[in-house]
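Encoded as structure tokens, the structure appears first; notes follow it.
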Amino acid sequence: MRAALTKAGWGNYSIFLAGDGLLVGYLETEDYQAALDAMAGTEVNQRWQAEMSEFFVADGPPDQSFTRLDEIFHLD
């Protein structure tokens, strides 16, 4: 999974789960859509989608149903 994500342009990828069921994913990439597209066709992504789907409330595969959040504050 790590090699496929890196090759696809995904960096610093994390998923957080709150006690109330809120699931938040975080990743860094130069081109968000290209990174999604690059992972979409990989075999490891298909396995990941099947294993993780129970954690997502989505209309379709989890990786095609992300809701992007706008960054409103960042401190370096």
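Laboratory data are not the source of any read-out in this text; all were calculated from the coordinates shown. Quick caveat: nothing in here was measured; it's all calculated off a predicted structure. Quick reminder, even Gly has a Cβ in these numbers, built from the backbone with ideal geometry, and neighbours come from all protein chains shown.
Here is how the number arises for the chain: DSSP H runs of 4 or more residues each give -39500 (n - 2.57), the sum is divided by the residue count, and the result at 222 nm is -9500 deg cm²/dmol.
Here the dipole of the chain is about 260 debye; that uses its Cα centre as origin and unit charges on the Cβ of Lys and Arg (positive) and Asp and Glu (negative). Ordered by the count of other Cβ atoms within 10 Å of each Cβ, fewest first, Ile72, Ile15 give Ile72, Ile15.
With the convex hull drawn over the C-alpha atoms of the chain, the volume per residue is 120 Å³.
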